[in-house]
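Input: a single structure, listed below in structure tokens.
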Amino acid sequence: MKTFEEIFSEWHKEFPFLTKYSPSTIYQKVGPFLLGLRIDKPWEEEYRLFLEIMPLWLTERKMFGSVFFSDELYNKKGLQDIIDYRHHDYYFKEVLEDANRQYGLVLAPEIPLNDLIKYIEEGSRRRSCESTRRLFGSHKARGIMVFELELAIAVYLNKKEMFDDIWKDINDESSKWDAEYFKSYLEFSIDEWKESMHSKFDNRDKFMETVEWNYQRPRVARLNTAQITRVDEYTKYVPKLSWCEKLRSFFSK
């Protein structure tokens with residue numbers, strides 16, 4: 001039976017552009033955040049995979065290292081990929097295919113902007129739950145952390161068109177949120193959240209200074225840097241509707 005360290009090493013060999021960040025994570029710098037894999041040990045002699053995004057624009061010292069986005073790996077049947085150490089060699093190829101299918105848009109040294117946004121949008125829908133549906137009116141709605149990630153990307157790339165698109169979506173979608181439940185669940189109001197987004201992202205010079213400062217942290221500085229490419233080809237992401245949603249939309253007209 002292989003050890004966790006040997007299993008971790010095999011995953012690292014499959015994604016050599018990622019760099020070891022901790023005993024269980026391999027990351028790379030992607031614009032205003034770190035992105036990579038966590039090989040997680042939920043129980044003894046079993047592991048599972050997550051793709052994680054860690055922000056680099058937060059100014060609060062105690063917030064550095066917090067994970068904003070965590071996308072657990074699922075197989076083709078929609079079940080968790082939890083692998084016993086004893087069966088790692090047998091299932092590794094299959095689980096690697098699952099990882100490339102689910103994370104392939106962004107696990108690369110060059111990531112097209114539209115692919116990055118598509119992954120974040122689709123990943124957020126995989127992570128949705130009942131509280132998301134009640135907060136934002138739909139289990140497929142974007143959460144506030146997804147909006148914050150997208151604003152950070154737009155500001156980092158100095159992409160005004162994208163920045164304006166996101167704020168339009170924020171204003172449109174937030175008008176449908178349950179304001180009372182939002183405040184009771186998150187302990188701040190919708191307007192307070194919007195104001196915090198303006199505070200973080202309206203001043204690009206301050207934002208970039210914070211990101212660059214965090215780039216100099218020793219553990220971050222030694223990571224490889226992925227390039228966000230094809231920025232000029234940006235188009236607003238529009239999710240595909242299922243046939244049920246298309247039917248519902250047709251009869252609601």
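The values are calculated or read from the model by the stated rules, or taken from the named source; none is laboratory data. Here the structure is a predicted model, which means the values were calculated and not measured. Glycine gets a Cβ as well: all are built from the backbone with ideal geometry, and neighbour counts include every protein chain shown. Keep in mind that these areas ignore ligands, DNA and RNA; they rest on the heavy atoms of the full protein, side chains included. Shrake-Rupley method; radii C 1.70, N 1.55, O 1.52, S 1.80 Å.
Remarks
- The stretch 26-43, subset more than 23 Å from Glu150 (Cβ to Cβ) and either hydrophobic (A, V, I, L, M, F, W, C) or in contact with a helix residue (DSSP H, G or I) (Cβ under 9 Å, 6 or more places away or on another chain) (or both), residue surrounded by the most Cβ atoms within 10 Å (Cβ to Cβ): Ile26
- Of the residues making up the stretch 192-239, those that are in a loop (DSSP other than H, G, I, E, B), in contact (Cβ under 8 Å) with a residue 60 or more places away in the chain, closer than 25 Å to Phe17 by Cβ and open to solvent by 80 Å² or more (accessible area, probe 1.4 Å) are Arg222, Arg230.
- Looking only at the stretch 76-98, and only at residues there that are open to solvent by less than 30 Å² (accessible area, probe 1.4 Å) and β-branched (Val, Ile, Thr), the one that is nearest to Trp43 (Cα to Cα): Ile83
- Matching residues, the stretch 44-67, being open to solvent by 20 Å² or more (accessible area, probe 1.4 Å) and in contact with a strand residue (DSSP E or B) (Cβ under 6 Å, 6 or more places away or on another chain): Glu46, Arg48, Phe50, Val67
- Near pairs, Cβ below 6 angstrom, 6+ apart or cross-chain, from the stretch 41-61 (more than 30 Å from Lys200 (Cβ to Cβ)) to any residue that is open to solvent by 80 Å² or more (accessible area, probe 1.4 Å) and of a type outside the set (A, V, I, L, M): Tyr47/Lys41
- Residue within the stretch 2-18 that is under 29 Å from Tyr215 (Cβ atoms), modelled with pLDDT of 95 or more and in a strand (DSSP E or B) present: no
- Residue count, the stretch 168-191 (criterion: within 19 Å of the chain's Cα centre (by Cα) and either open to solvent by 30 Å² or more (accessible area, probe 1.4 Å) or over 17 Å from Tyr237 (Cα atoms) (or both)): 0
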